[in-house]
Amino acid sequence: MDFTFDKTERLCSKKAIDELFAGGKSKTQFPVKVIYKVSVYESAFPARVVFIVPKKKHRRANKRNTVRRRLREAYRLNKHKLYNVLTTEKLDLMFIYLSDEVSDYKTTETCLLSLLEHITKQDLKQWVELKKPTVE
């Protein structure tokens, strides 16, 4: 497994981000919230991700960048758990940092891991069940 975070894995399209806000499911594990949606796009990677740290919560750019780096690093090191489950599905993910405080890396990683586990265990099983052909 390659532990890189390539440009093609990033969700950059404004249209895709708007669709994610409008029709995505969400789950919160404080201080991180994830919004996710099954998507159709052409890429070698099964997931596209965007990380958001609101300027309203963290005025200083260096704090926003620190939090964003921690989120990105935690995702980069643990994305293989999500990729192992995603076989034919493609996902768009948005991680939003909710806290006013800058938390340490360990806290950020545990929250992100629990959110990834929630996505893989509950919702992806439902999507796979819906796609299976029924035998009569």
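The values are calculated or read from the model by the stated rules, or taken from the named source; none is laboratory data. In this text, all values refer to a predicted model and were calculated from it rather than measured experimentally. Reconstructed Cβ throughout: ideal geometry from the backbone, glycine too, with neighbour counts over all protein chains shown.
Tabulated results
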read-out: Candidate set: segment 45-89, residues that are hydroxyl-bearing (Ser, Thr, Tyr) and farther than 16 Å from Lys106 by Cβ; chosen: the one nearest to the chain's Cα centre (by Cα); value: Tyr83
read-out: Residue match in segment 111-128 (condition: part of a loop (DSSP other than H, G, I, E, B) and modelled with pLDDT under 95); value: no
read-out: Residue in segment 96-110 that is under 18 Å from Ser43 (Cβ atoms), at pLDDT 90 or above, crowded, with 16+ Cβ neighbours inside 10 Å and not aromatic (Phe, Trp, Tyr) present; value: no
read-out: Sole exception among (1) surrounded by fewer than 17 Cβ atoms within 10 Å (Cβ to Cβ); (2) of a type outside the set (Lys, Arg); (3) in contact (Cβ under 8 Å) with a residue 12 or more places away in the chain for Val67, by number; value: (1)
read-out: Strands (runs of 3 or more DSSP E) within segment 1-86 that include 3 or more residues among the aliphatic types (A, V, I, L, M); value: 32-39, 47-52
read-out: Tabulated pairs, segment 93-110, first more than 18 Å from Pro54 (Cα to Cα) and in contact (Cβ under 8 Å) with a residue 24 or more places away in the chain, second crowded, with 19+ Cβ neighbours inside 10 Å and not charged (D, E, K, R), C-beta under 6 angstrom, 6+ apart or interchain; value: Glu109/Ala74
read-out: Filter result (of a type in the set (A, V, I, L, M) and within 18 Å of Arg68 (Cβ to Cβ)) within segment 1-35; value: Leu11, Ile17, Leu20, Val32, Val34, Ile35
